[in-house]
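One structure is given here, and the rest of the page talks about it.
The values are calculated or read from the model by the stated rules, or taken from the named source; none is laboratory data. All values derive from a computational prediction rather than experimental measurement. Cβ coordinates were reconstructed from backbone atoms using ideal geometry, including for glycine residues, and neighbour counts include every protein chain displayed. Note: accessible area is taken over every heavy atom of the protein model, side chains too, but ligands, DNA and RNA are not part of it. Shrake-Rupley method; radii C 1.70, N 1.55, O 1.52, S 1.80 Å.
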Amino acid sequence: MADGPAVVVVLGGINMDLIGTAPRLPAPGETVRGERFYTAPGGKGANQAVAAARLGARVRMVGRVGDDVFGPGLLHGLRGYGIDVSGVAVDPERASGIAIILLDAQKQNHIVAIYGANMGCDGDQLRAVESALDGADSLLLQHEVPIEISAAAARAAKKRGVRVIWDPAPAADIPPAAYSDLDIITPNQTEAEYLTGVSVGDVDSAREAAEVLLEMGAAVAVVKLGGMGVYFASDGASGHVTSYKVNVVDTIAAGDGFGGALAVALAEGRGLEDAVRYGSAAGARWP
């Protein structure tokens, strides 16, 4: 339990989101008249960092941005939430990561991400993580930087007794040996199916997928089910937390809000079920 504010280290993607809204997605070769366009700082790592900071945590961000028009704005946005960005490098050779996002009438998001500088993360960022882990409660990881760097960071955190929370998004293979370094893995339905081969469409199938993830070595599996809530499982406990009913504006980064809040709640000493419920509430209210 943290004596003061939770200390959260985030290694992950920092992107500029280019967001458009339209009544529906176009078919191949079709043009659909859009409704609105706007930009917003994003990236799964940055979003989780902001969520944790907004909930009172001291956050140390590690990653890369490009030496381009987006880089300064992305760093400025993170600093505005009090996030320590001394571990974020400026990559002179790669553009900042961007995500092209379309929102349809049902407020569902459809995303194409071009990760740019994020994928340049290397040993420099690993060393920055290792320095940032001193006194930290949790390390948050995702799949918007090279997987091998995330796996090495997880191993470093495990050795220091820092909780590792891995959000396997977007879906990609995790090195089998890395699962034993994960305190908590938090896939959504698509990612859970990718990792386990179990088609997740309800609570029962989420339970089955979670059991596979535990067998693979993760200490806790948390399967996010969107409107159906969240299923969680460990060797000692399991359960289903129902979703909060809200007026959906859009679903962009709701899972990132969940991850940041989960880290804060656990650092504050909440039990797993209570922390999952807290994360669900944060995700429902995001942003």
Given the conditions (1) in a strand (DSSP E or B); (2) touching a helix residue (DSSP H, G or I) at 6+ places or on another chain (Cβ under 9 Å), report the number of the one that residue 112 does not fulfil. (2)
Looking at 82, 45, 12, 87, can you tell me which residue is open to solvent by 20 Å² or more (accessible area, probe 1.4 Å) and of a type in the set (Gly, Ala, Ser)? 82
So residue 179 passes all but one of these: (1) open to solvent by 10 Å² or more (accessible area, probe 1.4 Å); (2) at pLDDT 95 or above. Which condition number does it fail? (1)
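Quick grid of which residues meet (1) open to solvent by less than 10 Å² (accessible area, probe 1.4 Å); (2) farther than 30 Å from residue 15 by Cα; (3) at pLDDT 95 or above; (4) part of a loop (DSSP other than H, G, I, E, B):
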| residue | (1), (2), (3), (4) |
| --- | --- |
| 213 | yes, no, yes, no |
| 250 | no, no, no, yes |
| 265 | yes, no, yes, no |
| 274 | no, yes, yes, no |
Of (1) open to solvent by 60 Å² or more (accessible area, probe 1.4 Å); (2) more than 16 Å from the chain's Cα centre (by Cα), residue 54 satisfies all except one. Which? (2)
Name the pairs: first residue in segment 63-81 and closer than 16 Å to residue 18 by Cβ, second residue open to solvent by 30 Å² or more (accessible area, probe 1.4 Å) and among the basic types (Lys, Arg), Cβ to Cβ under 7 Å, at least 6 apart or on different chains? 66/94
Looking at segment 127-141, which of its residues are surrounded by fewer than 22 Cβ atoms within 10 Å (Cβ to Cβ) and either part of a helix (DSSP H, G or I) or among the hydroxyl-bearing types (Ser, Thr, Tyr) (or both)? 127, 130, 131
Tell me which residues, restricted to segment 191-211, are in a helix (DSSP H, G or I) and β-branched (Val, Ile, Thr). 196, 203
Single unsatisfied condition, residue 152 versus (1) aliphatic (A, V, I, L, M); (2) assigned to a strand (DSSP E or B); (3) more than 17 Å from residue 42 (Cβ to Cβ): (2)
Among the residues of segment 165-205, the number that are among the β-branched types (Val, Ile, Thr) and in contact (Cβ under 8 Å) with a residue 40 or more places away in the chain is 3
